[in-house]
1. Within the bounds of the range 57-80, is there any residue that is charged (D, E, K, R), under 25 Å from ASP177 (Cβ atoms), part of a loop (DSSP other than H, G, I, E, B) and in contact with a strand residue (DSSP E or B) (Cβ under 7 Å, 6 or more places away or on another chain)?
2. Is it true that GLU117 is surrounded by fewer than 17 Cβ atoms within 10 Å (Cβ to Cβ), on the phi < 0 side of the Ramachandran plot and in a helix (DSSP H, G or I)?
3. Taking into account only those residues within the range 315-331 that are in contact with a helix residue (DSSP H, G or I) (Cβ under 8 Å, 6 or more places away or on another chain) and at pLDDT below 95, which is surrounded by the most Cβ atoms within 10 Å (Cβ to Cβ)?
4. Working carefully through the options GLY173, GLY191, GLY211, find the one that is at pLDDT 95 or above and in contact with a Pro (Cβ under 7 Å, 6 or more places away or on another chain).
5. Collect the residues in the range 48-74 that are of a type in the set (Asp, Glu), in contact (Cβ under 8 Å) with a residue 12 or more places away in the chain and over 17 Å from PHE121 (Cα atoms), keeping them in residue-number order.
6. Please return the ranges of helices (runs of 4 or more DSSP H) entirely within the range 133-220 where 3 or more residues are within 30 Å of GLY351 (Cβ to Cβ).
7. Give the residue that is nearest to TYR192 (Cα to Cα), with candidates limited to residues of the range 93-126 that are of a type in the set (Gly, Ala, Ser) and more than 13 Å from the chain's Cα centre (by Cα).
8. Quick one: would you say GLY191 is surrounded by 12 or more Cβ atoms within 10 Å (Cβ to Cβ), touching a Phe, Trp or Tyr at 6+ places or on another chain (Cβ under 6 Å) and of a type in the set (Gly, Ala, Ser)?
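The values are calculated or read from the model by the stated rules, or taken from the named source; none is laboratory data. Not measured: the values here are computed from a predicted model. Cβ placement follows ideal geometry from the backbone for every residue including glycine, while neighbour counts extend to all protein chains displayed.
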Amino acid sequence: MKTSKNSSDALAREVMERLDVLAGISESPDNLTRRYLTAEHASANAQVCEWMQKAGMTARVDAVGNVIGRYEGMRPGAPALILGSHLDTVIDAGRYDGMLGVVLPISCIAELNAVGERLPFAIEVIGFGDEEGVRFQSTYLGSSPVAGTFRKELLERKDRDGLSLGDALTAFGLDPDKIDSAARRQTDVLGYVEIHIEQGPVLERQDCAVGIVTAISGATRLEIMLNGEAGHAGTVPMTERRDALMAAAEIILGVEEICRSRDGLVGTVGQLDVSPGAVNVIPGAVRLSVDLRAAEDDTRQQALDKVNELVSSIGEKRKVESIVTKTHAVASVPCAPGLITGLSSAASICGHAAPKLSSGAGHDAAAMSALTDVGMLFVRCKGGISHNAGESIEMSDVAVAAEVLCKFLKTFDETGKTCHDK
């Protein structure tokens, strides 16, 4: 499969046009919103199935609503290298997060099919039905069943209209009792590679179209309750106050200081609830969230220890009771060295710089790591903006990503390493 600049440019044009088509499949006429197991999800699946079949793939929808296309290798039934990402969106989304990683591989496979070329392995493309977790407030509902890690108690999880996940699957034409059939056997899978917009500013700052992901950051989320004492804003002396909001302010600045002290560590306070919330009342109680992320789990754990110490010391100093609850914790996911090498070599062969970087966001690759080796190729996005309509990528960068992916497929072997240039 020789991928010239002209063919990669044409491929990129097709990808961008198809992403525009998917962006038109939305629950709202005013913005892009496509949730799991909705009529719009079904329409997106049907459209992607059509593109898969046009590319020479067989296409089907599995037991949890993922759309799966397969391009056979030289030997029918051979183990497959899986490519993919998700087709669901957040509310008022951009048109590239997730969808790029489904559409671009299909067009690359079409290039193979156009010249009748088969590889020593099969290629599958999966459009996962749910990664964002918007409808049922649980992420990876598409990829975790494929990886064999789906928790069946989630079938009772309800959406905002009171419909359970199990009932939604039934309404979609699927059988909740057959979810286990979506799980893949490790012996049938060679690896998983995801193409995704960076959702950050690193590649743009380095003026690079693509980058190679080394790890998906682990994350810890905390809920911190601070209980002081409400009082009259005009009569309680400053030295006598047990102001929960002032304690929270110190904690917020402390979290920032902790996370600025170490490269690759980020911390965010995204929620702050103040009670009683009156202009003339000293805040008696505050609830705040903390989100800590790092590519290395030891780094994240050290930051977590420091945050716990910070909360305790500030609470004691200000005579404010503090209660810290861990609400979420997930380990970091390192990308497989062989896939990192393969993607890096493919970029080098194609003449493109591809710096290595970690991902601070979660991806289906994190769930798929329970099944197989994972790798990721990031594509530059304007301003690092994501999860809103301002998401933007350049067609020329998509062409680079297409060229690199096509070369990666051509040089991939079953060890995940790159062979000689072909």
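1. Checking the range 57-80: at least one residue is charged (D, E, K, R), under 25 Å from ASP177 (Cβ atoms), part of a loop (DSSP other than H, G, I, E, B) and in contact with a strand residue (DSSP E or B) (Cβ under 7 Å, 6 or more places away or on another chain).
2. no
3. VAL330
4. Only one candidate passes the filter, namely GLY211.
5. Within the range 48-74, just ASP62 meets the criteria.
6. 202-206
7. Ranking the qualifying residues of the range 93-126, first place goes to ALA122.
8. Criteria not met by GLY191.
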